[in-house]
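Engineer: Quick one: structure below, then a few questions.
The values are calculated or read from the model by the stated rules, or taken from the named source; none is laboratory data. What you see is a predicted model, and the numbers here were worked out from it, not measured in a lab. Note: ideal-geometry Cβ built from the backbone for every residue, glycine included; neighbour counts use all protein chains shown. These accessible areas exclude ligands, DNA and RNA; they are computed on the full protein's heavy atoms, side chains included. Shrake-Rupley method; radii C 1.70, N 1.55, O 1.52, S 1.80 Å.
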Amino acid sequence: MNHIQSRTVVLPQRNIDTDQIIPARFLKVTDKVGLGKNVFCDWRYLPDGKPNPEFILNQAAAADAHILVAGDNFGCGSSREHAPWALVDFGFKAIVSTSIADIFRNNALKNGLLPIVVSPEIHAELLGAPGANLEIRLDEQVLIFPSGKRVSFEIDRFSRHCLMNGVDELGFLLGCEPHISAFEARRA
């Protein structure tokens, strides 16, 4: 994942915790596939199980959007990898906020979801333009607005490398196997 170009979906609530992202009752699985249907379940569905037409992810504006602009302190609460699993399975590739909880951020990076922290001013601009076409260039670590405005963001080199190459930490280590074997052969 080096380049993401997508409309944004805006979910401005602050302090969205991992139990709101994926309720605990769905944590019984160890497979990532299928969790997307339960992302924000308690907000997306009415008590009778029908989609809540008021919730943004059930509206046409959210179809095929891969960038979620969320309120401050996104992903707080308990540590559960199921939260980024569900977001990725739903189709999100990046989360943009003014702050992202540390444990969620680490879990997101390990599971192919790019967490981007922006200033309150940039965040306000994104919140005020739901559905805006935003471009993310991971190689340059920059967001590009429809106006052409460029905003830099930070990400550590290792996470950036893994995301750009579509590997997790284990995949990175397995990719080093020829070097490890050569080292071991020289050492013997």
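Engineer: Can you name the residue in the stretch 28-55 that is over 12 Å from Trp85 (Cβ atoms) and acidic (Asp, Glu) and is also surrounded by the most Cβ atoms within 10 Å (Cβ to Cβ) among such residues?
Structural biologist: Only one residue tops the list, namely Asp42.
Engineer: Mind listing whichever residues of the stretch 2-23 are crowded, with 16+ Cβ neighbours inside 10 Å and either in a helix (DSSP H, G or I) or at positive phi (or both)?
Structural biologist: Correct list: Thr18, Asp19, Gln20, Ile21.
Engineer: Something else now. Of the numbered conditions (1) open to solvent by 60 Å² or more (accessible area, probe 1.4 Å); (2) farther than 26 Å from Val39 by Cβ; (3) free of Cβ contacts under 8 Å to residues at least 24 places away in the same chain, Asp102 fails exactly one; give the number of that condition.
Structural biologist: Among (1) open to solvent by 60 Å² or more (accessible area, probe 1.4 Å); (2) farther than 26 Å from Val39 by Cβ; (3) free of Cβ contacts under 8 Å to residues at least 24 places away in the same chain, the lone unmet condition for Asp102 is (2).
Engineer: Please go through the stretch 81-93 and give me each residue that is assigned to a loop (DSSP other than H, G, I, E, B) and open to solvent by 10 Å² or more (accessible area, probe 1.4 Å), ordered by number.
Structural biologist: Scanning the stretch 81-93 gives Glu81, Gly91, Lys93.
Engineer: A further question follows. Those residues that are surrounded by fewer than 18 Cβ atoms within 10 Å (Cβ to Cβ) and either touching a residue at least 40 places away in the same chain (Cβ under 8 Å) or aromatic (Phe, Trp, Tyr) (or both), I need them from the stretch 134-152; list them, please. Before you say what the answer is, go through the steps one by one.
Structural biologist: To start, the set of residues in the stretch 134-152 that are surrounded by fewer than 18 Cβ atoms within 10 Å (Cβ to Cβ) comprises 135, 137, 139-142, 144-150, 152.
Hits for the stretch 134-152 are Glu135, Arg137, Asp139, Phe145.
Engineer: Right, next: With open to solvent by 20 Å² or more (accessible area, probe 1.4 Å) and touching a residue at least 24 places away in the same chain (Cβ under 8 Å) as the only criterion, which of Ser97, Ser78 stands out?
Structural biologist: Ser78
Engineer: Has the stretch 14-21 got any residue that is within 27 Å of Gly148 (Cα to Cα) and modelled with pLDDT of 95 or more?
Structural biologist: No: zero hits.
Engineer: Let me ask something additional. Identify all residues within the stretch 30-43 that are closer than 14 Å to Asp89 by Cβ and either in contact (Cβ under 8 Å) with a residue 12 or more places away in the chain or within 17 Å of the chain's Cα centre (by Cα) (or both); write none if there are none.
Structural biologist: Filtering the stretch 30-43 down to residues closer than 14 Å to Asp89 by Cβ leaves 30-41.
Lys32, Val33, Gly34, Leu35, Gly36, Lys37, Asn38, Val39, Phe40, Cys41, listed by residue number.
Engineer: Additional query: Looking at Ala63, Ala86, can you tell me which residue is free of Cβ contacts under 8 Å to residues at least 24 places away in the same chain and of a type in the set (A, V, I, L, M)?
Structural biologist: On inspection, the qualifying residue turns out to be Ala63.
Engineer: Find all pairs meeting these conditions: Cβ atoms under 7 angstrom apart; at least six residues apart or on different chains; first residue within the stretch 7-27 and closer than 15 Å to Glu81 by Cβ; second residue among the β-branched types (Val, Ile, Thr) and surrounded by 16 or more Cβ atoms within 10 Å (Cβ to Cβ).
Structural biologist: Ile21/Val39; Ile22/Val39
Engineer: Quick check: is even one residue across the stretch 126-133 over 19 Å from Ala70 (Cα atoms), open to solvent by 50 Å² or more (accessible area, probe 1.4 Å), touching a residue at least 24 places away in the same chain (Cβ under 8 Å) and more than 15 Å from the chain's Cα centre (by Cα)?
Structural biologist: There is no residue in the stretch 126-133 that is over 19 Å from Ala70 (Cα atoms), open to solvent by 50 Å² or more (accessible area, probe 1.4 Å), touching a residue at least 24 places away in the same chain (Cβ under 8 Å) and more than 15 Å from the chain's Cα centre (by Cα).
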